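Chemist: Would you mind keeping the following structure in view while I ask a few things?
The values are calculated or read from the model by the stated rules, or taken from the named source; none is laboratory data. None of these values were measured; they are calculated from a predicted model. Here Cβ is always computed from backbone atoms with ideal geometry, including for glycine, and neighbour counts include all displayed protein chains.
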Amino acid sequence: MAPAAMSLINREVKQLEPGSVYPAQESRADEEPPLASSPAENFGVKLKAIRRELREEYLQPHTKPWIIGFSGGKDSTLLAHLTVECLLSIPPDERKRRVYLVCNDTLVESPVFQEFVNHLLAYISENLESLRIPVEVVRTSPRIEESFWVNMLGKGYPAPNRTFRWCTDRMKIRPTSKFIREQVSHYGEAVLLLGVRRAESAARAANIAKHSAKAEGRLTPHADHKGCWIFTPIKDLTTDEVWIALLKSRHPWGGSYKELIQLYKDAASGECPFVLSKTDAPSCGTSSARFGCWTCTVVEKDNAIQSLIASGHEHLEPLALFRNRLKQFSEDPQFRSKVRRNGQPGLGPLTYEARRTLLEELLAIQAQVGMQLISEVEVRLIREQWLQDRAEETMRSMEKLSEMVENQTKENA
Ligand code: SF4
């Protein structure tokens, strides 16, 4: 978190009376927001409007479930917080629509952040039960055959970069899309709540504006999933307002946001967004989004991991160095096959030797740091893939040889 943002947050927090971030539950949903005269009042007005929108939308006379895209970062955490608060403000017999808090794990998430998210989700699940609200925590992850390691060390895909980013679709979009499709097929339609905000970037603002043009009421149709509607209740909050809201409040499920805030401070970072479509994919792994996969080579330098190391997470050092090895191997032609996977000449997959070297190094680092970085199933699938590739390669050379013999026989005839 930038020092300037932090001091602004501190100043704003002082201006707010206790409880003013989340106005009292009895505030009426149909009440018009008063005109704001100071940043703090304006902020209070915005939050009141968000709470009203959430409540009105939830109480629509149908049973389409809500799916909250939860990354564990500040924006989706605030969205989950406001949603739970909204449900708590509604009488139990009117809480008819299911709410799914969906979190995707790419299986190569930043270990410190992932540990925090796992802990938070377990805590939320445990405590939501006693709140008697229809919220369920759902974890999604890529099919193991499509994991980062199976693709890179098994099939030899080079580390992802800006022009060949094969990872986002396989590791983020497909797993969550599958869950959404299942809900749409079960309920007929579903509403996806996203914590996106205009203030995140100019591209995000343009994207929100583009989608708003197609809106029906508060909801916009999802570009790729028929029957799925997108709802972005916090889109008008600024980054500082999100921080102030989190700083000023306690989880509705108990506890505080101190750990989340400390994590951002340690990583001096932003988070990788919840990515659900190819139009969102360009923001995945960019320099403005640095909590994400620890293996990410789409960013030139992983500043988050460096800041975490500098702030005491020294055990991440071997991971940071290995991530650089992935990039170095992928960019050096001596570690790449001269033939593409389809048999055509050109810069192809990582050579077997390169894949084997990287796998051995990864397993050594895993033993050194004592954290699971790759699963046994992935190692088995990688070895199977090598055997399969070897067999295909042999077949191709045999076919080539037979063709040459056939040609020579024809010439000699
Ligand atoms: S964070 Fe990087 S490695 Fe992970 S899915 Fe996004 S672009 Fe790919």
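Chemist: For segment 70-90, state whether one or more residues are free of Cβ contacts under 8 Å to residues at least 24 places away in the same chain, assigned to a helix (DSSP H, G or I) and more than 24 Å from the chain's Cα centre (by Cα).
Modeler: No - not one qualifying residue is present in segment 70-90.
Chemist: Let me ask you something else. Within segment 236-243, is there a residue that is in a helix (DSSP H, G or I), among the hydrophobic types (A, V, I, L, M, F, W, C) and within 25 Å of residue 89 (Cα to Cα)?
Modeler: First, the residues of segment 236-243 that are in a helix (DSSP H, G or I): 239-243.
Now restrict to residues that are among the hydrophobic types (A, V, I, L, M, F, W, C): 242-243.
Next, only the ones that are within 25 Å of residue 89 (Cα to Cα) stay: 242-243.
Checked segment 236-243: at least one residue is in a helix (DSSP H, G or I), among the hydrophobic types (A, V, I, L, M, F, W, C) and within 25 Å of residue 89 (Cα to Cα).
Chemist: On to the next question. Check segment 118-137 and report whether any residue there is closer than 30 Å to residue 306 by Cα, modelled with pLDDT of 90 or more and within 16 Å of the ligand (Cβ to nearest atom).
Modeler: no
Chemist: When residues of segment 291-314 are filtered for being surrounded by fewer than 22 Cβ atoms within 10 Å (Cβ to Cβ), within 23 Å of the chain's Cα centre (by Cα) and away from the ligand (no atom under 15 Å from the Cβ), how many remain?
Modeler: 4
Chemist: Sticking with this one: Any chance segment 381-401 includes a residue that's outside the structural domain of residue 149 (by TED's automatic domain parsing), assigned to a loop (DSSP other than H, G, I, E, B), modelled with pLDDT of 95 or more and at negative phi?
Modeler: No, every residue in segment 381-401 fails to be outside the structural domain of residue 149 (by TED's automatic domain parsing), assigned to a loop (DSSP other than H, G, I, E, B), modelled with pLDDT of 95 or more and at negative phi.
Chemist: Here's another thing I want to ask about it. Of all residues in segment 138-149, how many are closer than 15 Å to residue 169 by Cβ and in contact with an Asp or Glu (Cβ under 8 Å, 6 or more places away or on another chain)? Can you show your working first?
Modeler: Restricting attention to segment 138-149, the residues satisfying the condition of being closer than 15 Å to residue 169 by Cβ are 140-143, 145-148.
From the residues that got through so far, the ones that are in contact with an Asp or Glu (Cβ under 8 Å, 6 or more places away or on another chain) too are 140-141, 147.
The total comes to 3.
Chemist: Hey, another quick one. If the requirement is being surrounded by fewer than 19 Cβ atoms within 10 Å (Cβ to Cβ) and either within 16 Å of the ligand (Cβ to nearest atom) or among the small types (Gly, Ala, Ser) (or both), which of these qualifies: 110, 71, 89?
Modeler: Numbers: 110 fails: surrounded by fewer than 19 Cβ atoms within 10 Å (Cβ to Cβ); 71 fails: surrounded by fewer than 19 Cβ atoms within 10 Å (Cβ to Cβ).
Criteria check complete, one pass: 89.
Chemist: Do you know which residues across segment 225-247 are buried (at least 18 other Cβ atoms within 10 Å of the Cβ) and of a type in the set (D, E, K, R)?
Modeler: If the condition is that a residue be buried (at least 18 other Cβ atoms within 10 Å of the Cβ) and of a type in the set (D, E, K, R), then 235, 240, 241 are the ones that fit.
Chemist: Name the single residue, out of those in segment 164-190 being in contact with a Pro (Cβ under 7 Å, 6 or more places away or on another chain) and in contact (Cβ under 8 Å) with a residue 60 or more places away in the chain, that is nearest to the ligand (Cβ to nearest atom).
Modeler: So the residue we want is 167.
Chemist: Continuing with the same structure: Collect the residues in segment 129-154 that are touching a strand residue (DSSP E or B) at 6+ places or on another chain (Cβ under 9 Å), under 29 Å from residue 357 (Cβ atoms) and outside any helix (DSSP H, G or I), keeping them in residue-number order.
Modeler: Within segment 129-154, 141, 142 meet the criteria.
Chemist: Hey, residue 255 hits all of (1) on the phi > 0 side of the Ramachandran plot; (2) without any contact (Cβ under 8 Å) to a residue 40 or more places away in the chain but one; which does it fall short on?
Modeler: In the conditions (1) on the phi > 0 side of the Ramachandran plot; (2) without any contact (Cβ under 8 Å) to a residue 40 or more places away in the chain, residue 255 misses (2) alone.
Chemist: Take the residues in segment 317-353 that are part of a helix (DSSP H, G or I) and charged (D, E, K, R), then tell me which one is nearest to residue 393 (Cα to Cα).
Modeler: 353
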